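What follows is calculated from the coordinates using simple rules that are stated; it is not laboratory data. Here the structure is a predicted model, which means the values were calculated and not measured. Glycine also receives a Cβ, built like all others from the backbone with ideal geometry; neighbour counts cover every protein chain displayed.
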């Protein structure tokens with residue numbers, strides 16, 4: 001496991017609380033504001049930063065996040081600039097885990113070997129590739145492991161039990177449970193159903209679990225308390241950022257309770 005990710009989940013379990021992970025798209029609405037937004041989240045007590053890699057066809061994302069991808073691309077955000085953003089954050093925030101989240105195409109264009117080396121140099125702790133199936137992950141996992149970057153695997157509510165076991169056996173850092181079928185920004189699934197899925201996952205692994213998609217308020221996070229290790233919030237923070245950095249800071253404060 002990556003040291004910063006490992007330390008985070010050890011601390012959360014020691015404190016007996018569900019952490020708050022935050023997601024924004026790098027470069028939204030422009031590079032300078034985006035850097036300030038991630039600084040605001042880190043300073044405001046976010047437990048983990050998910051940094052979205054802008055992409056022209058973010059098929060897993062709802063309207064709010066898809067629009068953020070489009071704004072970032074229009075503002076000139078690229079994968080190299082996204083790594084530079086992480087490097088700038090790392091100079092100021094040495095302990096907070098930073099996980100990149102995106103789609104395979106920009107990484108393939110960059111070159112996966114070069115990407116993982118540059119990600120390590122810039123202080124990236126983990127990577128989530130939304131559209132990467134388990135069957136294609138082995139070469140990426142080897143490169144990630146060599147660079148000390150955790151390749152975080154995603155699990156859907158509909159993932160068959162046998163496949164869940166395969167994914168968890170190869171996962172590093174933590175596993176990311178999508179709380180419902182569909183795209184980001186939707187309402188979270190019935191907490192009872194999420195808790196039942198988590199119980200299934202816990203039975204086969206002690207790997208830390210994050211949950212995301214549809215988590216948008218403190219009540220959602222409270223409903224997952226004692227169930228998952230980390231609740232990831234995205235679309236509502238993207239919406240808050242559109243109203244300015246003070247609104248973003250206030251939304252994070254309400255999420256943390």
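Overall, the anisotropy analysis places the stretch 117-257 in the oblate class: the square-rooted eigenvalues a ≥ b ≥ c of its C-alpha gyration tensor yield a/c not less than 1.5, with a/b not exceeding b/c.
Can you compute the FRET efficiency between residue 200 and residue 16 using 1/(1 + (r/R0)^6), with r the Cβ-Cβ distance and R0 = 30 Å? Round to the nearest 0.05. E(calc), rounded to 0.05, equals 0.85. Taking label positions 7 Å along the Cα-Cβ direction at both residue 57 and residue 104, the computed distance is 1.2 nm, reported to one decimal. In terms of packing, defined here as the mean over residues of other Cβ atoms within 10 angstrom, the peptides 19-31, 43-55 line up highest first as 19-31, 43-55. Cα centroid separation, the stretch 40-64 to the stretch 209-251: 11 Å. A Förster radius of 35 Å combined with the Cβ-Cβ distance from residue 94 to residue 158 puts the calculated FRET efficiency at roughly 0.35. The candidate values are [x] 1.03; [y] 0.91; [z] 0.96; the one derived from this structure for Cα Rg over 2.2 N^0.38 Å carries the label [y]. Placing pseudo-labels 7 Å out from each Cα toward the beta carbon at residue 242 and residue 166 gives an inter-label distance of 3.9 nm. On full extension, the segment bounded by residue 117 and residue 3 gains 39.4 nm, given 0.36 nm per residue less the C-alpha separation.
Legend: calculated FRET efficiency, residue 136 to residue 193, from the Cβ-Cβ distance at R0 = 45 Å, rounded to 0.05, equals 0.95.
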